[in-house]
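The values are calculated or read from the model by the stated rules, or taken from the named source; none is laboratory data. As the structure is a prediction and not an experimental result, all values here were calculated from the model. Note that we place each Cβ from the backbone using ideal geometry, even for glycine, and neighbour counts take in every protein chain shown. What goes into the accessible areas is simple: the full protein's heavy atoms, side chains included, and nothing from ligands, DNA or RNA. Shrake-Rupley method; radii C 1.70, N 1.55, O 1.52, S 1.80 Å.
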Amino acid sequence: MAVITLALASCSASPPLSSEDSAALATLGEVAGPTSNLDADHITSTECWLPSDHLVDEQPSDTSAAWRVLCRVHYTDDSGDRYQDTTCIGDFSLDPMLDHCYRWTHYDYAPSFEDFPGITTS
């Protein structure tokens, strides 16, 4: 099982976690890497935004417990230490809170998609 850590920009110690955040982070540690096409055996750690700090509020929702975070999954391959970023959308009121994350690749100014071929939409 991969270790999950919380990235904090200006604090040296992790804040006390609510039971909801603790459960969400445990689930993110199990889901973020494998659903982003990473081999679970090669994952060394996962760091995510704090779910309670990233509640979804820009659209009507059946619940105020929905959240969206970015996670960075650290892993090793033949070239050494690597990472993959992923977007995860969950809900504190669901069990499980989430079952899938979405691999995220930054494409600004990239001449082509690196992970999958681009398909013309029209």
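General remarks:
- Of the GluC sites (Glu not before Pro) in the range 21-61, those whose Cβ has at most 11 other Cβ within 10 Å and which sit in DSSP loop: Glu58
- Annotation: Ser45 carries an accessible surface of approximately 20 Å², with a 1.4 Å probe and no ligand, DNA or RNA atoms counted.
- Extended-chain gain in nm, criterion 0.36 nm per residue less alpha-carbon gap, Ser19 and Ser93: 25.4 nm
- Computed extension gain for Asp39 through Thr76, at 0.36 nm per residue and net of the alpha carbon distance, reaches 12.4 nm.
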